[in-house]
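The values are calculated or read from the model by the stated rules, or taken from the named source; none is laboratory data. Model, not experiment: these values are computed from the prediction. Cβ placement follows ideal geometry from the backbone for every residue including glycine, while neighbour counts extend to all protein chains displayed.
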DNA sequence: CTCGATCCCTGGACGC
DNA sequence: TGCGTCCAGGGATCGA
């Protein structure tokens, strides 16, 4: 399941393999995960100028290439939904970007054009070196959107701080300003962008903080520790090219290695690496949360709003 | 403001 | 072998 380290891994792979390539044509299969499928046609004729990560999103920034008429000689495949750069009437005015979210099972990477599509390949972009950039996603929990500068800025403005760049002061402020459980808080992309279920659990285990602790009751020292271990874990995971639980593959189709270093996630019933107490699993914020009941002390029962009279 | 429930979707695990 | 059932989960949405 792609979270920050996995997306970063894919982004780095794509930079190596497709940066600077021009997109010649666009093929779309199932499109229910694309904001505005028709707009994807505007990709044709544009160059991939930069590739960035924003939280769990990938951002392929595009530059229009001034070429008179594109007649992409890609042969005449089943042209049912092959969209080519047609008349220069639709040249984008402002710099645009392709926003990609991998959801649970999304994969994005270049492929030789003569390799048959995977069963769940839904988008294929023909590149000017003959390869194709393909998006494959069995569950289609991912998202793809072609956005011009304005809407893109609007989209990105909703997200919280990057956990790798946030200062200690801002981290603590964000954590301690929310009257919600720390697990839900870490998963909330408007608080911190890029943290998902695995790295939330791993960082809480390492910081010895129970997932049901309330943000406002996290003290300054705990917040500082949480930020430090979260950054450490994310950086380690990036070096290990992410966690491959079931589906994740990088842009080259290779799995990551960090799953071997998980201390809590997916370890229900297995002994805690610190104290040998069996790891437990509970549902917090609707998500499986793995923690050590001894190292991560449970908060006192939350007091519900008491009505003076009813 | 925060909560849980529900939906989206498919593959894999499991039981019979 | 082949069903049916349950589960995983990021995110949107909705009512409480």
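For residues that are part of a strand (DSSP E or B) and within 16 Å of DNA strand B (Cβ to nearest atom), tally how many sit in segment A:113-133.
3
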Can you name the residue in segment A:255-265 that is in a loop (DSSP other than H, G, I, E, B) and within 17 Å of the chain's Cα centre (by Cα) and is also farthest from DNA strand C (Cβ to nearest atom) among such residues?
A:255
Restricted to segment A:32-49, and to residues that are more than 16 Å from DNA strand C (Cβ to nearest atom) and touching a helix residue (DSSP H, G or I) at 6+ places or on another chain (Cβ under 7 Å), which residue is modelled with the highest pLDDT?
A:48
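Determine whether residue A:203 is assigned to a loop (DSSP other than H, G, I, E, B), out of contact with any strand residue (DSSP E or B) (no Cβ under 9 Å at 6 or more places or on another chain) and modelled with pLDDT under 95.
When the stated conditions are applied, residue A:203 does not pass them.
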Scan segment A:279-299 for residues that are assigned to a loop (DSSP other than H, G, I, E, B) and within 12 Å of DNA strand B (Cβ to nearest atom) and jot them down.
A:285, A:286, A:299
Restricting attention to segment A:1-47, which residues are part of a loop (DSSP other than H, G, I, E, B) and under 16 Å from residue A:135 (Cβ atoms)?
A:2, A:21, A:29, A:30, A:31, A:32, A:33, A:35, A:36, A:44
Assuming residue A:235 fulfils every condition listed in (1) under 20 Å from residue A:1 (Cβ atoms); (2) within 16 Å of DNA strand C (Cβ to nearest atom) apart from one, which condition is it?
(2)
Every residue in segment A:113-142 that is surrounded by fewer than 17 Cβ atoms within 10 Å (Cβ to Cβ) and touching a strand residue (DSSP E or B) at 6+ places or on another chain (Cβ under 8 Å), please.
A:113, A:117, A:118, A:120, A:128, A:141
Is segment A:15-28 home to any residue that is under 20 Å from the mean Cα position of the chain (by Cα), more than 16 Å from DNA strand C (Cβ to nearest atom) and closer than 30 Å to residue A:200 by Cα?
yes
Somewhere in segment A:242-264, is a residue loosely packed, with under 15 Cβ neighbours inside 10 Å, within 17 Å of residue A:200 (Cβ to Cβ) and out of contact with any helix residue (DSSP H, G or I) (no Cβ under 8 Å at 6 or more places or on another chain)?
no
